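Remarks on the structure that follows.
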Amino acid sequence: MATWTIDEPQKLTFDTVRRLRLRLVAGSVGVVGTDEQPTLEVSELDGSALLVRHQDGELEVDYERPRWQGPLGWLTGWRRRYRAVVSLAVPRDCEVDLGVVSSGLMVSGLRAPLVARTINGEITLSGCSGQVEAQTVSGAVQAHGVAGDLWAHTVSGDLTLVEGGGSIGARTVSGTVTLDVRAPGAGDIRVTTISGDVTIRLPHASDLQVQAQSTSGQVASAFDELHRDGLPALQRIRGRLGAGTGRLRATTTTGHVALLRREPEAEPEEAR
Amino acid sequence: MSPVFSHGMLRLYLLKLLDESPRHGYDVIRLLEDRFMGLYAPSPGTIYPRLQRLEAEGLVTQSQEGGRKVYRITDAGREELRRRQDELDHLETEIRSSVHHLAGEIREEVRGTVRDLKQELKQAAREIRRQQRHENRSRRDWYGDWHADWDWRGEDAAAPRPERRLRDLLAATHQLLHRAHLTEAQIRECAAILDESFQRIREVLRDKR
């Protein structure tokens with residue numbers, strides 16, 4: 001096993017990386033999938049040194065566990081700083097698992113499964129076609145062109161997905177959920193919020209079985225095919241769009257729900 | 001679209017690509033993807049508004065050629081490009097040499113795209129809610145009527161069309177059933193009520209004929 005202790009900005013290269021596991025605290029983390037040589041770049045480092053381990057295609061980046069310094073030893077590390085700006089280039093088929101406290105996370109161009117967890121950092125995803133799981137407490141999740149299945153969970157962070165492709169599971173307590181879906185019909189879209197507003201834009205022609213409801217918020221839809229249930233206690237819109245092969249279910253307690261329809265002319269010019 | 005992002009690099013890239021030769025929107029998208037090493041593929045939804053914006057600023061012009069829009073850089077566009085060439089060169093070398101900068105660029109692009117879209121959809125959602133609020137308000141009055149109707153036994157109440165009533169009945173019953181844990185006997189009884197209702201409605205309609 002190759003091990004490095006990094007205490008100053010530095011660049012490392014590796015021969016093969018099939019899996020990446022990263023655990024950091026503050027700063028920022030960027031992971032891009034490329035066809036070039038796997039690279040780890042530490043461009044800023046504040047406080048504790050990073051520990052990098054590489055064995056059998058598995059790359060691990062984290063902090064060294066403090067040595068046992070007696071029962072009250074943890075107090076000595078109380079004011080220690082853990083801040084690092086780390087960027088990695090990995091093969092597109094590399095499985096990635098990121099866990100941080102307040103770092104921003106950016107991942108792009110991966111085909112393999114990805115897990116990204118942070119407490120109050122922001123998660124940015126671009127062009128990921130594997131399965132994606134993104135979790136934050138107060139940070140936002142923003143994704144562009146995620147073709148694979150996406151499962152995202154926040155507490156107060158906003159969730160925005162542009163050009164989503166596969167199945168989408170979005171759950172948040174008070175954050176808003178904004179989805180711009182490209183080609184629904186293949187997968188399920190499930191959105192649940194407590195107080196956050198839900199805004200979903202669908203293509204002009206979709207194949208979805210739709211149910212959208214809000215207990216005390218307003219439910220609005222641009223689709224005439226969907227009918228409104230006359231329920232005194234909640235607002236609900238249901239119905240089928242096109243062939244109804246996929247499913248869309250949006251549920252919120254006090255938030256508003258809006259189902260928007262993309263204008264047909266917004267499609268690429270070449271398609272005309 | 002936020003003013004901050006209009007000063008982003010994407011704008012300069014667009015100008016640069018159009019400076020090389022006049023292009024269709026689609027070519028621009030494809031070439032941009034190459035530039036970001038296939039990591040960021042801007043969508044028509046991001047590119048066309050930007051091109052339109054550049055056009056509004058007088059930096060590009062567009063014309064219809066064979067049913068497609070072709071964009072061309074103007075002198076003002078060339079001037080802008082020349083003025084910020086250093087910035088562009090600097091950024092390009094950095095992107096190629098450092099993962100950190102590449103990641104940073106992609107992050108900025110995604111952030112900008114997301115922010116724009118969020119703004120746009122928020123606006124649209126507000127609009128559609130405003131339109132349908134009126135409709136809902138009248139519905140709410142109607143809920144009141146419906147509740148009054150619920151105990152209705154006489155012939156005189158202004159009854160809504162049966163179809164509409166049926167829908168409401170269905171929805172309300174669904175909700176009741178959803179919460180309840182039914183016993184065998186209850187299930188049979190409910191089924192009987194439904195059958196009976198159907199039979200009676202059929203009789204009523206038959207009588208009319």
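All of the numbers you see were taken from the coordinates with simple rules; none came from a lab. Keep in mind that what you see is a predicted model, and the values were worked out from it rather than measured. Using ideal geometry, Cβ is built from the backbone for each residue, glycine included, and neighbour counts are taken over all protein chains shown.
The table that follows gives values for the structure above.
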quantity: For peptides B:194-200, A:170-176, sequence by mean Cβ density within 10 Å, most packed first; calculated: A:170-176, B:194-200
quantity: Two-decimal Rg/Rh across region A:122-263, once Rg and the Kirkwood Rh are taken from alpha-carbon atoms; calculated: 0.95
quantity: Amide hydrogen neighbours beyond the local backbone of A:Leu248, cut-off 5 Å, H modeled; calculated: A:Ile189, A:Gln209, A:Val210, A:Gln211
quantity: Other-chain or far-sequence residues with amide H under 5 Å of A:Arg92's (modelled H); calculated: A:Thr34
quantity: For A:Leu159, distant residues with modelled amide H under 5 Å away; calculated: A:Val141, A:Thr176, A:Val177, A:Thr178
quantity: nm² value of the averaged projected area, convex hull over the Cα atoms of chain A; calculated: 17.6 nm²
quantity: Exposed-site-free run, longest, chain A (rule: chymotrypsin sites (Phe, Trp or Tyr not before Pro); DSSP loop; at most 12 other C-beta within 10 Å); calculated: A:79-272
quantity: Charge tally in the Cβ shell below 10 Å around A:Arg190, where Lys, Arg are +1 and Asp, Glu are -1, A:Arg190 excluded; calculated: +2
quantity: Table column - 3J(HN,Hα) (Hz), region B:115-121, Karplus curve with 6.51, -1.76, 1.60, x for Gly and Pro; calculated: 5, 4, 5, 4, 4, 4, 5
quantity: Candidates per GluC sites (Glu not before Pro) in region A:1-73, loop by DSSP, up to 16 other Cβ within 10 Å; calculated: A:Glu36, A:Glu64
